[in-house]
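Here's the structure we're looking at; comments come further down.
The values are calculated or read from the model by the stated rules, or taken from the named source; none is laboratory data. Bear in mind the structure is a predicted one, so any value in this text is a computation, not a measurement. Neighbour counts are summed over all protein chains in view; Cβ atoms, including those assigned to glycine, are modelled from backbone coordinates with ideal geometry.
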């Protein structure tokens, strides 16, 4: 019978593979709005691994911590616990590496009720990590292989739905403030004119001043890193009074956002990631 093994004993690769797969199955169900009972899932897993109920719960929290670093959604109720072993990092890497497109493992359907709803604007998260402290080698490798910023940049569907959400939220905000005239003038520039303007949404403040929004969307948490093009950065410097970087996060579950104003370097650490080579 499972449960005889101590919670402090190292997990085998087979045990880790089983619990990681179970975690992703529950996460997919949760994001799809499907109900499941965690205790029942725990009991079923204990038939396969010789671990206690508490040990499995703790390991689920460790998996949440790894996915949080990857900028992925986590299961509600499994609060991230960061003291995970390298073997768990390798287990998550094996699971993600088995898919041709790892980002497709997190499926969701925003639907009209989500895309057209209001978008709560929260405070931007303050910096808290020491930039001189490097994560362990195994975690660095995982973050390099499944870079959250690169993943979100490849997910064009996610980007478009985030822009659409921002577009409707801006129009709704102005209408609620009695500025229907301005609401009608809000433009989804990236859709109507194409990329390259340095921003996605042309909106307004209630006094009629311009708000030029560059929208960055992620399924992950507020601190998930993102890509910023040289054109977007240059535009933020050319139009500092009007430019806003709108960071939408937790998009699959409960979308919310915060705004960053120019200079962006006052809010986030910027480092070059792509270089163009020419002759």
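Structural remarks
- Condition met for residue 36 (free of Cβ contacts under 8 Å to residues at least 24 places away in the same chain, touching a helix residue (DSSP H, G or I) at 6+ places or on another chain (Cβ under 7 Å) and surrounded by 16 or more Cβ atoms within 10 Å (Cβ to Cβ)): no
- Filter result (outside any loop (DSSP other than H, G, I, E, B), crowded, with 17+ Cβ neighbours inside 10 Å and in contact with a helix residue (DSSP H, G or I) (Cβ under 8 Å, 6 or more places away or on another chain)) within the range 43-56: 45, 46, 56
- Residues within the range 200-230 that are in a strand (DSSP E or B), more than 22 Å from residue 271 (Cα to Cα) and touching a residue at least 24 places away in the same chain (Cβ under 8 Å), tallied: 6
- Being under 24 Å from the mean Cα position of the chain (by Cα), closer than 30 Å to residue 74 by Cα and either in the same structural domain as residue 147 (by TED's automatic domain parsing) or at pLDDT 95 or above (or both) holds for only one residue in 190, 166, and it is 166.
- Residue match in the range 231-243 (condition: closer than 20 Å to residue 199 by Cβ, touching a strand residue (DSSP E or B) at 6+ places or on another chain (Cβ under 8 Å), at pLDDT below 95 and not in a helix (DSSP H, G or I)): no
- Residue count, the range 70-97 (criterion: assigned to a loop (DSSP other than H, G, I, E, B), surrounded by 14 or more Cβ atoms within 10 Å (Cβ to Cβ) and more than 19 Å from the chain's Cα centre (by Cα)): 2
- Any helices (runs of 4 or more DSSP H) falling wholly within the range 137-199 and containing at least 3 residues that are without any contact (Cβ under 8 Å) to a residue 60 or more places away in the chain: 137-145, 156-176, 180-183, 189-192
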